[in-house]
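One structure below.
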Amino acid sequence: MFIVDVRTPQEFSEGSLKGAVNIPLAEISGKLNEFKDKKEIFVFCRSGGRSSAATELLKENGITNVKDGGGIENARKILNQ
């Protein structure tokens with residue numbers, strides 16, 4: 001699973017989920033190729049707003065194997081972290 005933290009680099013540096021990579025929401029459009037070959041994508045942010053926007057952006061670009069984990073606490077529960 002490709003776990004993506006769409007928060008800012010500063011937020012990411014303050015702590016994230018195990019195995020997550022940081023691709024801020026503002027950078028997703030320019031990094032779509034990083035998502036194309038992934039079997040399962042899981043995105044999250046601080047409270048759910050940016051992860052929802054990231055999910056929609058990816059889907060609009062033909063990347064449909066994405067799950068919106070919402071905020072970090074919700075994502076932590078979903079992933080059992």
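The values are calculated or read from the model by the stated rules, or taken from the named source; none is laboratory data. In this text the structure is predicted, and so the values were computed from the model without any measurement. Quick reminder, even Gly has a Cβ in these numbers, built from the backbone with ideal geometry, and neighbours come from all protein chains shown.
A few remarks follow.
- Any hit, the stretch 20-30, residues being assigned to a loop (DSSP other than H, G, I, E, B) and more than 10 Å from the chain's Cα centre (by Cα): no
- Restricting the stretch 17-65 to residues that are among the hydroxyl-bearing types (Ser, Thr, Tyr) and buried (at least 19 other Cβ atoms within 10 Å of the Cβ) leaves a set whose member that is farthest from LYS77 (Cα to Cα) is THR55.
- Residue count for the stretch 35-81 under the criterion of being touching a Lys or Arg at 6+ places or on another chain (Cβ under 7 Å), at pLDDT 95 or above and more than 13 Å from VAL4 (Cβ to Cβ): the result is 2.
- Residues of the stretch 31-48 that are out of contact with any Leu (no Cβ under 9 Å at 6 or more places or on another chain) and part of a helix (DSSP H, G or I): LYS31, ASN33, GLU34, LYS36.
- Cβ-Cβ distances below 8 Å connect the following pairs, each with a first residue in the stretch 6-31 that is among the polar types (S, T, N, Q), a second residue that is in a helix (DSSP H, G or I), and a separation of six or more residues or different chains: SER16/ILE72; ASN22/PRO9; ASN22/PHE12; SER29/LEU57.
- Checking each residue in the stretch 41-81 for being charged (D, E, K, R), under 11 Å from the mean Cα position of the chain (by Cα) and more than 16 Å from GLY15 (Cα to Cα) picks out ARG50, LYS67, ASP68.
- Any chance ASN74 is in contact (Cβ under 8 Å) with a residue 24 or more places away in the chain, touching a Leu at 6+ places or on another chain (Cβ under 9 Å) and either surrounded by fewer than 21 Cβ atoms within 10 Å (Cβ to Cβ) or not hydrophobic (A, V, I, L, M, F, W, C) (or both): no
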